[in-house]
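A.B. asks: I am attaching a structure below and will ask some questions about it afterwards.
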């Protein structure tokens, strides 16, 4: 509990915001970021699904190495990788404990470890594919493969607004803390403090709901001035908007290298 | 009847406003809950599953369908794609189940000022969502393990685990983060938030009978959505996880490389934390630290 609290102290709101912005816009010059979104979708479709059906561990391990290389190449933010690792490790640990409870033994570790390996390949693939693209590229790519205009708008809007929203939420949260009174004793396992913070966290949404409602209205009015809802369904508008997406030599090269690597892995085992 | 239709008629841009509002707020809350650690006592996990009160409040105050879809999309975008946890096809199941549960909860309320109604709708929404997820999880094990009955105790233990987690989610998360906040927020926001979006509050003078609420449209929609959710989940996970329990490969290969991968994951986590700590310390030394 103490460690968790210390760790949380290190992860401040500012830090998270900076990391997210870094993830979104900080790595436009990496090799993966310059690829066409469709290339990355195809690539993800393979590495995100295929591991479920592969049972040879060397192949999975090879894929894992490849994913680590691409993740390093696309300079993913450490925060995201930390969250990912914590999730994977805690999931595996929980399943292990649960299986012991119901008569499992050390042999259960092995299948669970393979499962964790699979999951890490899949999650690293999605991290690489979706974080390598900047938001504009991702939403254009989704639009190109036929997602509704609302989805691509939502992504662009999310990336643009999230830092502001986090900021605002943080401000409200802090002002609640300023005006309120923290519990004098922490209680067993910090339960008093936990309840206090949870209550503030929930209450802070009340002002945010109202201010966000105002903002939503402004946004929609601005969108309608640009004719968003009609442009979204118009084929010609889509064509012009997406004309800049083009598969180039490096896209094919990247796919070819990936395919070659996978074939090599299979033939070696 | 004409009055009832009146309530559901929103202009295109009003629908978009509800959608954006729900998406960004629930997305934000999702990002926050992703970062709150869970407390575990054995197999019972006290975790903040989600801040369900946000979509519940919005579904009750506005058009349930657009608020529900907006919230689900917000979860996928903010909580998954932006944090790099996008699960591909498995997300589809979550998306459908959550939209369905929130939509039903929103349609159940006819008078947002009536706290009892709001409370019942809130807890029903959470229960429906958790019920669908538990059933999908149990179904996954039934499909995933070919000879489930052959493994002693596993079938019972899966049902027990899922049942416990269902009760835990509904009674702990559901009451603390869905029931109480929704009952607090809805009557307060009713009549205040709607003018900000340029629309009239939901008219509470219209009374529906239960039969009207659970009309054929809702029932058909829920069945279709439930089936779609199941299919999506099966497609995503049909050949997964628990199949590895037949352990014939354990003797074929050593298990050292698995430890390497787990060790690598742990090492990366450790190094990341260390780097972040040292970075913060540097930043603090220059006096630009933020709390």
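The values are calculated or read from the model by the stated rules, or taken from the named source; none is laboratory data. These numbers come from a predicted model, not from an experiment. Every residue, glycine as well, gets a Cβ built from its backbone with ideal geometry; the counts of neighbours run over all protein chains shown.
A.B. asks: What are the residues in the stretch A:64-88 that are crowded, with 17+ Cβ neighbours inside 10 Å and more than 24 Å from residue B:79 (Cβ to Cβ), if any?
C.D. replies: Hits for the stretch A:64-88 are A:64, A:66, A:68.
A.B. asks: While we're on this one: Please name all residue pairs, on different chains or six or more residues apart, with Cβ atoms under 7 Å, provided the first residue is in the stretch A:79-92 and is facing chain B (nearest Cβ under 7 Å) and farther than 16 Å from residue A:117 by Cβ and the second residue is in a helix (DSSP H, G or I) and at pLDDT 75 or above.
C.D. replies: Qualifying pairs under 7 Å: A:80/A:127.
A.B. asks: Now for a different question. Quick check on this structure: which one of B:179, B:214 is modelled with pLDDT under 60 and away from chain A (no Cβ under 11 Å)? Before you say what the answer is, go through the steps one by one.
C.D. replies: Values: B:179 fails: modelled with pLDDT under 60.
Just a single option satisfies the conditions, and that option is B:214.
A.B. asks: Output yes when any residue across the stretch A:138-146 is surrounded by fewer than 17 Cβ atoms within 10 Å (Cβ to Cβ), touching a helix residue (DSSP H, G or I) at 6+ places or on another chain (Cβ under 8 Å) and in a helix (DSSP H, G or I), and no when none is.
C.D. replies: Filtering the stretch A:138-146 down to residues surrounded by fewer than 17 Cβ atoms within 10 Å (Cβ to Cβ) leaves A:145-146.
Among the residues that remain, those that are also touching a helix residue (DSSP H, G or I) at 6+ places or on another chain (Cβ under 8 Å) are: A:145.
Those still in the list that are in a helix (DSSP H, G or I) too: none.
No; the residues of the stretch A:138-146 include none that is surrounded by fewer than 17 Cβ atoms within 10 Å (Cβ to Cβ), touching a helix residue (DSSP H, G or I) at 6+ places or on another chain (Cβ under 8 Å) and in a helix (DSSP H, G or I).
A.B. asks: Could you tell me whether the stretch A:197-205 includes any residue that is in contact (Cβ under 8 Å) with a residue 12 or more places away in the chain, under 30 Å from residue A:137 (Cα atoms) and within 26 Å of the chain's Cα centre (by Cα)?
C.D. replies: no
A.B. asks: Right, residue A:23: touching a helix residue (DSSP H, G or I) at 6+ places or on another chain (Cβ under 7 Å), surrounded by 19 or more Cβ atoms within 10 Å (Cβ to Cβ), at pLDDT 75 or above and on the phi < 0 side of the Ramachandran plot or not?
C.D. replies: Working: touching a helix residue (DSSP H, G or I) at 6+ places or on another chain (Cβ under 7 Å): yes; surrounded by 19 or more Cβ atoms within 10 Å (Cβ to Cβ): yes; at pLDDT 75 or above: no; on the phi < 0 side of the Ramachandran plot: yes.
No.
A.B. asks: Among B:223, B:123, B:161, which is the only one that is surrounded by 15 or more Cβ atoms within 10 Å (Cβ to Cβ), part of a helix (DSSP H, G or I), away from chain A (no Cβ under 12 Å) and at pLDDT 60 or above? Step through it out loud before you land on a result.
C.D. replies: Values: B:223 fails: surrounded by 15 or more Cβ atoms within 10 Å (Cβ to Cβ); B:161 fails: away from chain A (no Cβ under 12 Å).
The match here is B:123.
A.B. asks: Here's a check for you: in the stretch A:169-192, which residue that is closer than 30 Å to residue A:215 by Cβ, more than 9 Å from chain B (Cβ to nearest Cβ) and touching a helix residue (DSSP H, G or I) at 6+ places or on another chain (Cβ under 8 Å) is surrounded by the fewest Cβ atoms within 10 Å (Cβ to Cβ)? Explain how you work it out, then say what you get.
C.D. replies: Start the filter on the stretch A:169-192 by keeping residues that are closer than 30 Å to residue A:215 by Cβ, which leaves A:169-180.
Narrowing the set further to residues that are more than 9 Å from chain B (Cβ to nearest Cβ) leaves A:170-173, A:175-180.
Those still in the list that are touching a helix residue (DSSP H, G or I) at 6+ places or on another chain (Cβ under 8 Å) too: A:170, A:172-173, A:176-177, A:180.
On the way: A:170: 18, A:172: 18, A:173: 19, A:176: 17, A:177: 14, A:180: 11.
Result: A:180.
A.B. asks: Part of a loop (DSSP other than H, G, I, E, B), over 30 Å from residue B:187 (Cβ atoms) and at pLDDT below 70, is that true of residue B:156?
C.D. replies: It is false that residue B:156 is part of a loop (DSSP other than H, G, I, E, B), over 30 Å from residue B:187 (Cβ atoms) and at pLDDT below 70.
A.B. asks: So, one more: Go through (1) within 11 Å of another protein chain (Cβ to nearest Cβ); (2) surrounded by 14 or more Cβ atoms within 10 Å (Cβ to Cβ); (3) modelled with pLDDT of 80 or more one by one and return the number of the condition residue A:195 breaks.
C.D. replies: Against the list (1) within 11 Å of another protein chain (Cβ to nearest Cβ); (2) surrounded by 14 or more Cβ atoms within 10 Å (Cβ to Cβ); (3) modelled with pLDDT of 80 or more, residue A:195 comes up short only on (2).
A.B. asks: Right, next: Which one of B:96, B:56 is surrounded by 24 or more Cβ atoms within 10 Å (Cβ to Cβ), out of contact with any strand residue (DSSP E or B) (no Cβ under 9 Å at 6 or more places or on another chain) and modelled with pLDDT of 75 or more?
C.D. replies: Values: B:96 fails: surrounded by 24 or more Cβ atoms within 10 Å (Cβ to Cβ).
Sole residue among the options that is surrounded by 24 or more Cβ atoms within 10 Å (Cβ to Cβ), out of contact with any strand residue (DSSP E or B) (no Cβ under 9 Å at 6 or more places or on another chain) and modelled with pLDDT of 75 or more: B:56.
A.B. asks: Can you name the residue in the stretch A:49-63 that is within 21 Å of residue A:256 (Cβ to Cβ) and surrounded by fewer than 21 Cβ atoms within 10 Å (Cβ to Cβ) and, of all such residues, is nearest to the other protein chains (Cβ to nearest Cβ)?
C.D. replies: Within the stretch A:49-63, the first condition is being within 21 Å of residue A:256 (Cβ to Cβ), and the residues that meet it are A:49-51, A:54, A:59, A:62-63.
Okay, now just the ones that are also surrounded by fewer than 21 Cβ atoms within 10 Å (Cβ to Cβ), so A:49-50, A:54, A:59, A:62.
Working: A:49: 7, A:50: 11, A:54: 10, A:59: 11, A:62: 10 Å.
Among residues in the stretch A:49-63 that are within 21 Å of residue A:256 (Cβ to Cβ) and surrounded by fewer than 21 Cβ atoms within 10 Å (Cβ to Cβ), the one nearest to the other protein chains (Cβ to nearest Cβ) is A:49.
A.B. asks: Among the residues of the stretch B:188-202 satisfying the criterion of being more than 7 Å from chain A (Cβ to nearest Cβ) and either in contact (Cβ under 8 Å) with a residue 60 or more places away in the chain or surrounded by 17 or more Cβ atoms within 10 Å (Cβ to Cβ) (or both), which is farthest from residue B:113 (Cα to Cα)?
C.D. replies: Among those residues, the one meeting the criterion is B:199.
A.B. asks: Of all residues in the stretch A:199-231, count the ones that are at pLDDT below 85 and at the interface with chain B (Cβ under 10 Å from one of its Cβ atoms). Break it down stepwise before answering.
C.D. replies: The initial filter retains those residues of the stretch A:199-231 that are at pLDDT below 85, namely A:226-231.
Now narrow it down to the ones that are at the interface with chain B (Cβ under 10 Å from one of its Cβ atoms): A:228-230.
Selection size over the stretch A:199-231: 3.
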